[in-house]
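What follows is a set of notes on a single structure, which appears directly below.
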Amino acid sequence: MTQQGVRWTADQVLALAPDASSRKAGSKLGAAGPWSEAGSSDEGTVWGLCKGSGSKPYQTVIDIADAAGPAYKCSCPSRKFPCKHALGLLLLWAGGEGAVPPGPTPDWADQWIEGRRQRAQEKREAGAGGAAAGSGDPEAARRRAERRAVRITAGATELEQRLADLLRGGLAGAEQAGYGMWEETAARMVDAQAPGLAARVRELGAIPSSGPGWPVRLLEECALIHLLDQGWLRRERLPDGLASTVRSRIGLPASADGPAIRDRWLVLAQYDTADARLTTRRIWLHGTDSSRTALLLSYGAAGRAPELALPVGLELEAEVSAYPGTGQLRAALGEQFAPPSPTATRPPGVTTEQAAARYGEALRDDPWLDSVPVTLDRVIPAPDGDSWQLADTEGDSALPLTASARSRPGLWRLVALSGGAPVKVFGECGHRGFTPLTAWPEGAGEAVPLC
């Protein structure tokens, strides 16, 4: 058990897996057969020896008391993190203490735990010393920021000219030009040190091949880029909050300098997206006392899971600090006062009409916002022609599901959980529809991840 005397569920353990193949392989090791000398301690350490293909069993140890999420060590050669042995051992522990009884920690596991705690202490001391010493030459930093602003301004001006040329030539030319035109434009924005503009330009390249109605979608996205360009070129005239949002959308780095908010944060959803260079993990939190919603982002190299892992259904008491920008939900996780533990708490919900209105209100502060986090109360998943929607039981309105949500297995998990009855659903609501991420049955029951 954790220090709070609770044990994780199998779904919460499997949510830590870096990919589907790891979940499958870890599930096979979640039985007592391949394990020997497995045990656990009251301090939150779980260990065991797993029989592998070699002559020596793999030594696996997990620190589940770490407030930042579980930490793992395994002597197997796998580069996945956590490996299948760590997942299997956690599943074994989640099944009850019969296979992982309390006992004294073996020396090989104790050495790793002590080493981790010593390094964490040294890191905290080094961080405190670094903060006291300051963060370099502020004058040099100011000159670097000015040079970058000049380059971004040049890039935004060039992009404005390219958009004007596109519209003068007609949108039909975009379909004939192919993706190369957009990739070359995106490369120019990278040279201008405006990664946010580069990412939006790359998305434009996929629109001409996205099916019927693509000219309308292309024009809409061009208009948003034009708005962002103009926001940057006139940023001195904007209110402080909107200017911070523009800088963030352009791709300038920022630090979470908002006041720290201590709360008991419920983990609403966690999912990864990946491209050729980076894996991005998004974790949605709901403050049970403050009723605030916060988004944590964590990054890992391509093919590797980000370090921060908070399975759905856990609750942690911690501080979070917001990044600058009006309506900004992104936050940084600060001091944590206890390891994450399971909870039966659920977030409050709204109707589908209120969800759509919430997205509209958020667009006033951030016109480039794709979606907002929303919990829907008492909705029923129902087919709608070739699509699906979440119908409100309290009214005659409904929200359509996004195309990405319709292609995921989570849709069928949601339909099975509902069985025609109302459910509570957390997800992202935007102009493309609603993407369900987690659901709860109407009666008693655990949170069910859908992504």
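The values are calculated or read from the model by the stated rules, or taken from the named source; none is laboratory data. Just so it is clear, the structure is predicted and the values come from calculations on it, not from any experiment. Cβ atoms come from the backbone with ideal geometry, glycine included; neighbour counts cover every protein chain shown. We work out accessible area using only protein heavy atoms, side chains counted, and drop any ligands, DNA or RNA first. Shrake-Rupley method; radii C 1.70, N 1.55, O 1.52, S 1.80 Å.
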Discussion item. Just to confirm the number: angle between the C-alpha axis of helix 180-191 and the first principal axis of the chain, 0 to 90 degrees, nearest 10?
Written reply: 80 degrees
Item to complete: Give the cross-link partners of Lys24 among the lysines, using a straight C-alpha distance below 29 Å as the criterion and excluding same-chain residues fewer than 8 apart.
Response: Lys51, Lys56, Lys73, Lys80, Lys84, Lys424
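Within 11 Å, Cβ to Cβ, of Ala25, how many net charges do the neighbouring residues add up to if Lys/Arg are +1 and Asp/Glu are -1?
Numbers: positive: Arg23, Lys24, Lys28, Lys80, Lys84; negative: Asp19.
After counting each charged neighbour, the total is +4.
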Worksheet item: Per 10 Å bin from zero, what fraction in whole % of the C-alpha pairs of the range 311-393 is there, up to the bin with the longest pair?
Response: 14, 30, 36, 18, 2
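Could you rank Ile62, Ile380 by how accessible they are, 1.4 Å probe, largest area first?
On the way: Ile62 0, Ile380 45 Å².
Of Ile62, Ile380, the descending order of accessible area is Ile380, Ile62.
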Item to complete: Give the carbon-plus-sulfur fraction of the accessible surface of the range 229-295 in %, rounded to a whole number; probe 1.4 Å, heavy atoms of protein chains only.
Response: 46 percent
Discussion item. On C-alpha positions alone, give me the angle between the axis of helix 240-250 and the longest principal axis of the chain, in degrees, nearest 10.
Written reply: 80 degrees
Worksheet item: Going by a ≥ b ≥ c, the root eigenvalues of the Cα gyration tensor, does the chain fall in the rounded group (a/c under 1.5), the prolate group (a/b larger than b/c) or the oblate group?
Response: prolate
Practice prompt. Quick one: what are the phi-derived ³J(HN,Hα) couplings along the range 231-237, Karplus 6.51/-1.76/1.60 with θ = phi - 60°, whole Hz, x for glycine and proline?
Written response: x, 5, 5, 10, 5, 5, 8
Worksheet item: Tell me, what is the per residue accessible area of the range 48-107 in Å², probe radius 1.4 Å?
Response: 46 Å²
Worksheet item: In whole percent, how big is the carbon plus sulfur part of the accessible area of the range 322-418, probe 1.4 Å, protein atoms only?
Response: 49 percent
Worksheet entry | Per-residue [θ]222 nm for the chain (sum of -39500 (n - 2.57) over DSSP H runs n ≥ 4, rounded to 500) | -12000 deg cm²/dmol
Worksheet item: With every protein chain present, what accessible area does His286 have (1.4 Å probe, heavy atoms only), rounded to the nearest 10 Å²?
Response: 20 Å²
Fill in: Distance between modelled label sites at Val216 and Gln118, nm, 7 Å Cα→Cβ extension
6.6 nm
Worksheet item: Per the 1.4 Å probe, what fraction of the accessible area of the range 31-127, in percent, lies on carbon and sulfur atoms?
Response: 50 percent
Worksheet item: At a probe radius of 1.4 Å, what is the per-residue accessible area of Arg117, in Å² to the nearest 10?
Response: 100 Å²
Fill in: Residue-normalised accessible area of the range 393-451, expressed per residue, 1.4 Å probe, Å²
45 Å²
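Of the DSSP beta bridges with both residues in the chain, give the percent that are antiparallel, rounding to the nearest 5. Please report the intermediate quantities before stating the final value.
Details: 70 of 74 bridges.
Here the antiparallel bridges make up roughly 95 percent for the chain.
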Worksheet item: For the range 233-325, what is the per residue volume of the convex hull drawn over the alpha-carbon atoms, in cubic angstrom?
Response: 111 Å³
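Only sites in a loop by DSSP and with at most 10 other Cβ atoms within 10 Å count here; which trypsin sites (Lys or Arg not before Pro) in the range 67-113 make the cut? List each step's numbers first, then the result.
Numbers: sites: Lys73, Arg79, Lys80, Lys84; in loops: Arg79, Lys80.
Qualifying residues, ordered by number: Arg79.
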Item to complete: For a quick protection proxy, order the peptides 225-232, 52-59, 137-144 by their average other-Cβ count within 10 Å, most packed first.
Response: 225-232, 52-59, 137-144
Worksheet, complete the sentence: By the Cα gyration tensor axes a ≥ b ≥ c (a/c under 1.5 gives rounded; else a/b larger than b/c gives prolate, otherwise oblate), the shape of the range 230-274 is oblate
Worksheet, complete the sentence: Honestly the range 1-117 on the Cα gyration tensor test (a ≥ b ≥ c root eigenvalues; a/c under 1.5 rounded, otherwise a/b vs b/c for prolate or oblate) is just rounded
Discussion item. Which order do the peptides 204-212, 422-430, 10-18, 276-284 come out in when sorted by mean C-beta neighbours inside 10 angstrom, highest first?
Written reply: 422-430, 10-18, 276-284, 204-212
Worksheet, complete the sentence: Taking Cα atoms, the helix 138-169 axis meets the longest principal axis of the chain at an angle in degrees (rounded to 10) of 60 degrees
